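The values are calculated or read from the model by the stated rules, or taken from the named source; none is laboratory data. Fair warning: this is a prediction, and the values are worked out from it, not measured in the lab. Glycine gets a Cβ as well: all are built from the backbone with ideal geometry, and neighbour counts include every protein chain shown.
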Amino acid sequence: MANVKRWQATAALLLTLSTQGAIAAPALVAVLAPEPAYAQARSFSDVPSGHWAGGFIDALAARGVISGFPDGSFRPEAPVTRAQFASMLSAFNKARVRNAVNFSDVPVGYWGTNAIRNAYETGFMSGYPGNRFQPEQFIPREQVLVALANGLGKSAKAPVSQVLGYYSDEFAVSDFARAPIAAATEDRMVVNYPNLNLLNPTRNATRAEVAAMLYQALVSEGQAGTIASSYIVSPTPIASSYKIPAGTVIPVSYEQDRIVLMPEETVPVAFDLRTNITAQDGQLLIPANSKVIGELRPNGNGTRFVAQELLYPDGKRVPFSATSQTIVERQSIGRDNNSAREILRNAAIGSGAAAVIAGVTGDRTIEVEEVLAGTGAGLLASLVQRVINRGSAEVIVVEPETDLNLTLNSDFSVVP
């Protein structure tokens, strides 16, 4: 997750309760309950629950990439100007690829000058003949996709005409936009609501559409987690009547560098599939940006991941039985805050480990990327009291990129 979370309140209450003897388990469980997926997102009065782009809008708002209006609205159907879109491209931290130009129609002191300069220098956007940028012109959907594909250096692998043949209105795509839109399509950056096959390339993009496509571009760069949506275009159909045999190894990834938990702790976690899983003949079996959902559970003297479900990018969930090897690597946490901070840099942490480390170090404000809800109140309270008395604790450190290749326990029937 992009938003840094603190365990300060959780650790403080847990430490207080554990030093008072009896613990009210229901109250403790409530404190340690995981935050909703968009707990830090804005709430817009005109983006109701279930809005097709609500997840994309909330996620970008939480990142500070987009914002609403003073009256609390977002206006999802409103068009977007080229200057406004240039401002949204601040979501990407790309190096400069060319020198800035002074556009004749961007006056000195214009609010979007810096954003326009950055969008041009990084290769996302260009101007028009006559050294004009047309900052107040509404941006068409095809220009949004061209900007994202060009700025991120995307190129189509399959023939352009073959990819664009997915769209019923391929004929309406401008010549300059064909190759970039094919690339954006292959990288799942195109979001079409309500008809997946209708691109509407020359229609002005709405704020909701821009939010969806911009977020998908972040996903394609590995800078954001997937959001389930049935409106993300995937031109490669998933194979039907195919079984992936038991024993197949499935590689997974995670947003953080490591996961830290207590040996006794069970934590729910979801891992990403960053690339397509394909058969030898090229059939798509499991699409990239799917998620494997399960738990890290104690196993012997270590922990291992036990998968329970596969979440497809379109929101479909199916049972998925797979496990990782047992991870036994441990690190000792003492009263030295610096060692704790080093272990926790760019880490997710189980809530039990969070409370224990806070108890050992006395520091309840150490920052981590994500807190994962851990095991029950009785175990956590016992752990905290034990480490307070001992002054040190051992934690298990899981490094997903090297520790978590999953092995299928049984044949998996592909779901088209």
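Points worth noting:
- Residue in the range 255-269 that is within 25 Å of V190 (Cα to Cα) and surrounded by fewer than 15 Cβ atoms within 10 Å (Cβ to Cβ) present: no
- Qualifying residue in the range 188-202 (condition: in a helix (DSSP H, G or I) and free of Cβ contacts under 8 Å to residues at least 60 places away in the same chain): no
- P298 falls short on exactly one of the conditions (1) in a strand (DSSP E or B); (2) under 20 Å from A59 (Cβ atoms), and that condition is (2).
- Residues in the range 53-85 that are surrounded by fewer than 18 Cβ atoms within 10 Å (Cβ to Cβ), in a loop (DSSP other than H, G, I, E, B) and modelled with pLDDT of 95 or more: R75, E77, A78.
- Test result for A279, out of contact with any Phe, Trp or Tyr (no Cβ under 7 Å at 6 or more places or on another chain), touching a residue at least 24 places away in the same chain (Cβ under 8 Å) and either among the polar types (S, T, N, Q) or more than 30 Å from V80 (Cβ to Cβ) (or both): no
- Restricting I349, I333, I357, I343 to residues that are within 14 Å of P400 (Cα to Cα) and either of a type outside the set (K, R) or at pLDDT 90 or above (or both) narrows the list to I349.
- Cβ pairs under 9 Å, 6+ apart, first in the range 112-129 and farther than 17 Å from E142 by Cβ, second in a helix (DSSP H, G or I) and at pLDDT below 95: A115/S90; N118/S90
- Taking every residue in the range 395-410 that is of a type in the set (G, A, S) and part of a loop (DSSP other than H, G, I, E, B) and pairing it with any residue that is at pLDDT 85 or above and surrounded by fewer than 23 Cβ atoms within 10 Å (Cβ to Cβ), at least 6 positions away or on another chain, the pairs with Cβ-Cβ distances below 7 Å are S410/A246; S410/S321.
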